[in-house]
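Report on the structure given below.
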Amino acid sequence: MDKRGISRKDFLKNSGLGLAGIAFMPSILQGQNSHLQKDQTTALGNSYVLKNVRLETGFEFEGEEVVATKTGLFSVEIENGKIKRISSKATGKEEIDAKGMLMLPSFRDMHIHLDKTLYAEKWRAVRRSGGIKGMIALEQKTLPDMLKNSTYKAEKLIELLQSHGTGFARSHVNIEPTSKLDSLKNLQIALANKKNSFGAELVAFPQHGLYNTDSLPYMKEAAKMDIDFIGGLDPTNVDGSIQKTMDTTIQLALDNNKGIDIHLHESGKSGLDTIEYLIGKVNENPVLKGKTFVSHAFALAALDKVKQETIAEQLAAA
Ligand SMILES: [Zn+2]
């Protein structure tokens, strides 16, 4: 591998995530500062300059090994929300001082449940409730209350994400007989209210099992709405069948031109069988390639190295 052409991903991988976290987090624009900037940029209108912005310009090497990034201070000119020019000299325009903080592309949170958060309410302890079936029973009791102000709580959670540099999320949304389509509708209002500064894609998620509870009619309805992925949950442990649940999930995606993103906590044979079944179906239906995802996928962690590599190649090909 050409070390001079190393990607940022390879750099982070080689240097260790812990170290990278320590090295980079103090430099990221924190909540207080980004709020300050929001007020200032509002006052300045659509065109302004950030001065003393730290940008990465290259890598520091020890021999062939990357040990740090080189940085410099720049002025970044913004017009209508887009970077227009980066220069090392003062521009003479109205400026906001970034005080040497590191500017990074915003993060994308690729698995979150914005629709059912307790954030912005009083703290409460996690309740142990007997595995996935226990969690479902607990949700059936707590969701009606949670839904009363879920739009407000989703907006507060989005603001928390933004304050730490996240500008986009893929959110799962409960679709089941308790919430019906209300969790989705409430979240869509929150996302509409935040659409100028926060992007999202949605996964319609039968959290209580597609068949374990009678969720399919609601999933069919949600699939026709403004969502991007058909979700799923542990087909063997919750619904009792890989084929029945996965075939319906895949058909919903194909019929409505959506992607797939399933929750798969099953760690043993049934987990691996589900992944292999899904790989086979994606190969049969190439339209699903590039837009089919398995969340958690704990089964992959328990495989021996040879099997793991085989599955990795099959996943990549699908
Ligand atoms: Zn999840």
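The values are calculated or read from the model by the stated rules, or taken from the named source; none is laboratory data. As the structure is a prediction and not an experimental result, all values here were calculated from the model. So basically every Cβ, Gly included, is an ideal-geometry build from the backbone, and we count neighbours across all protein chains shown.
Observations on the model:
- Residue in the stretch 283-293 that is assigned to a loop (DSSP other than H, G, I, E, B) and touching a Gly at 6+ places or on another chain (Cβ under 6 Å) present: yes
- Set side by side, the residues E56, E95 differ, and just one is touching a residue at least 40 places away in the same chain (Cβ under 8 Å), surrounded by 14 or more Cβ atoms within 10 Å (Cβ to Cβ), more than 16 Å from the ligand (Cβ to nearest atom) and farther than 30 Å from A200 by Cβ, which is E95.
- Residues in the stretch 198-221 that are away from the ligand (no atom under 16 Å from the Cβ) and charged (D, E, K, R) were compared, and the one that is nearest to N237 (Cα to Cα) is D214.
- Being in contact with an Asp or Glu (Cβ under 9 Å, 6 or more places away or on another chain), away from the ligand (no atom under 16 Å from the Cβ) and hydrophobic (A, V, I, L, M, F, W, C) holds for only one residue in A68, A125, and it is A68.
- Hey, T178 of a type outside the set (F, W, Y), in the same structural domain as K148 (by TED's automatic domain parsing), in contact (Cβ under 8 Å) with a residue 40 or more places away in the chain and not in a helix (DSSP H, G or I) or not: no
- All positions within the stretch 212-261 that are closer than 13 Å to K133 by Cα, over 24 Å from the mean Cα position of the chain (by Cα), surrounded by 15 or more Cβ atoms within 10 Å (Cβ to Cβ) and not β-branched (V, I, T): N212, N237, D239
- Count of the stretch 187-217 residues which are touching a Ser or Thr at 6+ places or on another chain (Cβ under 9 Å), in a helix (DSSP H, G or I) and more than 14 Å from I227 (Cβ to Cβ): 4
- Any hit, the stretch 176-197, residues being within 16 Å of the ligand (Cβ to nearest atom), touching a His at 6+ places or on another chain (Cβ under 8 Å) and within 28 Å of T292 (Cα to Cα): yes
- Test: residue in the stretch 166-174 that is part of a helix (DSSP H, G or I) and aromatic (F, W, Y): no
- Which numbered condition L118 fails, given (1) in contact with a Lys or Arg (Cβ under 8 Å, 6 or more places away or on another chain); (2) modelled with pLDDT of 90 or more; (3) of a type in the set (A, V, I, L, M); (4) not assigned by TED's automatic domain parsing to the domain that holds Q162: (4)
- Only residues that are within 16 Å of the ligand (Cβ to nearest atom) and within 23 Å of K224 (Cβ to Cβ) were counted in the stretch 253-294, giving 6.
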